[in-house]
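Visitor: First the structure, then my questions, so here it is.
Read the figures in this text as sums done on the coordinates, not as results from a lab. Note that the structure is a prediction, hence the values are computed from the model and not measured. Glycine also receives a Cβ, built like all others from the backbone with ideal geometry; neighbour counts cover every protein chain displayed.
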Amino acid sequence: MGHDHDHLPSEIRHEKPLWWALGLTTTFLIVEVAGAFWTNSLALLSDAAHMATDTLALMIALVAVRLSRRPPDARRTYGYARLEALGAMINGGMLFVVAGYILWEAVARFRQPQEIASTGMLVIAAFGLLINLISMRLLRAGSGENLNVKGAYLEVWADMLGSVAVIIGALLIRWTGWKPIDPILAVLIGLWVLPRTWVLMREAINVLLEGVPKGIQVDAVRARLCAHEGVQDVHDLHVWALASSTPALTAHVVVAEGVDADGLRRRLGSALHEDFGIDHVTLQIEADHCGDDCGDGTPASHAPHGDHDHAGHAHARVHEPRRSGPDAQGHHGHPHP
């Protein structure tokens with residue numbers, strides 16, 4: 001193919017900083033939850049919920065890095081990448097419950113403000129800021145090379161701003177004695193967490209529903225394939241996500257008479273890799289025309305997959321994944337019938 005599909009060295013290199021960042025963040029999460037109840041600060045509890053999103057992001061990044069090294073087997077020909085999406089769904093649901101509780105409690109505290117131990121609140125928030133700065137330093141190098149690390153880095157960066165907000169709130173309570181500052185901060189942090197949690201769950205749902213990966217337009221992919229000389233039609237085109245950063249594609253490509261199918265297949269695979277970052281590709285090269293011409297730029301309308309005759313069609317694969325196990329002989333296409 002002319003390009004390397006092995007991304008293991010980069011992912012392994014950034015695993016150790018992820019473990020350190022996860023250990024620091026988890027430790028402080030426990031401290032902050034305990035401190036929130038000790039100081040009676042709802043803002044600290046709300047920030048702890050935000051810190052939980054950081055912990056989740058780091059765990060997802062680590063799971064993705066480690067499971068990506070496990071080869072497919074006879075029972076799971078795509079490996080274990082979708083555990084990332086399942087974990088995100090479960091944790092996202094829990095974070096919605098926590099954020100909902102914080103907002104409900106904040107309403108009650110607006111009606112009946114409570115005493116806040118502002119000094120303890122200030123100390124714990126300052127400690128949290130220090131933890132976030134260390135985690136950001138650990139993750140900065142990998143954030144430009146690995147999408148999972150980049151996501152974790154952005155989560156920690158956002159939580160650093162939350163810690164700054166709690167510090168400011170603690171100082172204002174200490175100086176002014178105005179108790180509603182605490183629930184106001186809790187609401188602001190809670191409203192900050194909820195949209196980011198929803199984005200996380202939406203991406204996980206898209207992966208589980210085999211939706212088109214973020215940043216990829218199917219029409220653009222179709223147009224790119226059709227632009228190659230010798231391609232008469234592209235149909236049964238499917239683009240989906242194996243995991244959050246692992247797109248896959250299958251398509252039927254009708255070629256003109258006399259076209260070198262093997263050479264065309266390699267060129268199409270290279271174009272998909274270079275233009276869209278799609279490495280998991282299965283192309284079925286067909287010698288006859290069973291769809292609309294590429295010239296109109298619109299998807300063809302066909303009978304259900306398998307109902308048209310493929311007799312005499314040449315089948316070819318672009319990317320052959322690593323397989324293990326005596327039964328690992330299936331082809332690398334999308335598991336649709």
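Visitor: For segment 27-67, list residues with backbone N below 11 Å from a point placed 7 Å from the Cα of ALA126 toward its Cβ?
Guide: Label zone hits: none.
Visitor: So, one more: Based on the alpha-carbon set only, what is the convex hull volume of segment 65-141 divided per residue, in Å³?
Guide: Normalising the Cα hull of segment 65-141 by residue number yields 128 Å³.
Visitor: Still on this structure: Given Cα pairs under 8 Å that are at least 6 residues apart, what percent is the relative contact order of segment 67-215? Present the calculation step by step, with values, prior to reporting the outcome.
Guide: Values: 123 pairs, mean separation 51.3, N = 149.
So the answer I get is 34 percent.
Visitor: Cβ under 12 Å from LEU44's Cβ, LEU44 left aside: what net charge do those residues give with Lys, Arg +1 and Asp, Glu -1?
Guide: Value of the local net charge: -3.
Visitor: Report the relative contact order of segment 220-294, percent, no decimals, based on alpha-carbon pairs under 8 angstrom and at least 6 residues apart. Display every interim value, and only then the final one.
Guide: Values: 119 pairs, mean separation 27.8, N = 75.
Here the relative contact order equals 37 percent.
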